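The values are calculated or read from the model by the stated rules, or taken from the named source; none is laboratory data. Because the structure is predicted, anything quoted here is derived from the model rather than measured. Here the Cβ positions follow ideal geometry from the backbone for every residue, glycine too, while neighbour counts run over all protein chains shown.
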Amino acid sequence: MAGIERFASGGRWEAGFGYARAVRAGDTVLVAGTTAIDEDGIVRGLGDAAAQTAFALDKIAAALAQASTSLDRVVLTRIFVTDISRAEEIGRVHGERFRAHPPVSTMVQVAALIDPRMLVEIEAVAHVGP
C-alpha cells in the first residue's frame, strides 16, 4: 500500500501472530505493544518493573528510529501493567525518558500479559516531520 511502511524487529511473535513492530502511515508511526523480551526470547529485568520499562522503551526507540523518528516525537503512550502498585517505579522511568517532551499517557492494570514474567507492556504513537 502506498504511504504505509511496516517495520519488523524479528520479535518472537511478530510473524506468527501477524503484526509489525511499527507501522508508519504518512506522518504517524504506531509502535505495537512492546515488552522486555529480547531477540533471543528471554524476558529481561525479571521481577524489576523499572528495568522492564527501560528495556521496552529502548525497543520502542529502536523501532521509531527505523521509521525515521524518535522518542522526543512520541505523542501518546499506553502502559499496561500487571501490578498497578508498581506505578511509581514504572512512571519514574517513563518520566525520565519523556521529561523534555511528555506525551499524553495512560497506565492501566491488566490481568496478565502474554508471559507471566512480564510486568509492563507499552504502546506508542509518534509523529514524523517538523
inquiry  = Looking for something assigned to a strand (DSSP E or B), modelled with pLDDT of 95 or more and crowded, with 16+ Cβ neighbours inside 10 Å - is there at least one such residue anywhere in the stretch 83-103?
reply    = no
message = Please go through (1) in contact with a helix residue (DSSP H, G or I) (Cβ under 6 Å, 6 or more places away or on another chain); (2) in a strand (DSSP E or B) for F80 and return the number of the only condition it doesn't satisfy.
response = (1)
task = Considering each of A54, A65, A61 in turn, give the residue that is more than 19 Å from E14 (Cβ to Cβ) and either polar (S, T, N, Q) or not in a strand (DSSP E or B) (or both).
result = A54
inquiry  = I'm trying to understand the selection: among the residues of the stretch 1-52, which are in contact with a helix residue (DSSP H, G or I) (Cβ under 6 Å, 6 or more places away or on another chain) and among the basic types (K, R)?
reply    = R21, R44
ask   = Within the group R24, R6, R78, which residue is touching a strand residue (DSSP E or B) at 6+ places or on another chain (Cβ under 6 Å), surrounded by fewer than 19 Cβ atoms within 10 Å (Cβ to Cβ) and over 18 Å from M118 (Cα atoms)?
value = R6
ask   = Assuming D115 fulfils every condition listed in (1) buried (at least 16 other Cβ atoms within 10 Å of the Cβ); (2) touching a strand residue (DSSP E or B) at 6+ places or on another chain (Cβ under 7 Å); (3) not β-branched (V, I, T) apart from one, which condition is it?
value = (1)
task = Give the residue that is surrounded by the most Cβ atoms within 10 Å (Cβ to Cβ), with candidates limited to residues of the stretch 41-51 that are outside any helix (DSSP H, G or I), of a type in the set (A, V, I, L, M) and modelled with pLDDT of 95 or more.
result = V43
request  = Return the pairs, sorted by first residue and then second, in which the second residue is assigned to a strand (DSSP E or B) and among the aromatic types (F, W, Y), the first residue lies in the stretch 9-30 and is within 17 Å of A67 (Cα to Cα), the beta carbons are less than 8 Å apart, and the residues are 6+ apart or on different chains.
outcome  = A20/F7; R21/F7; A22/F7; V23/F7; R24/F7
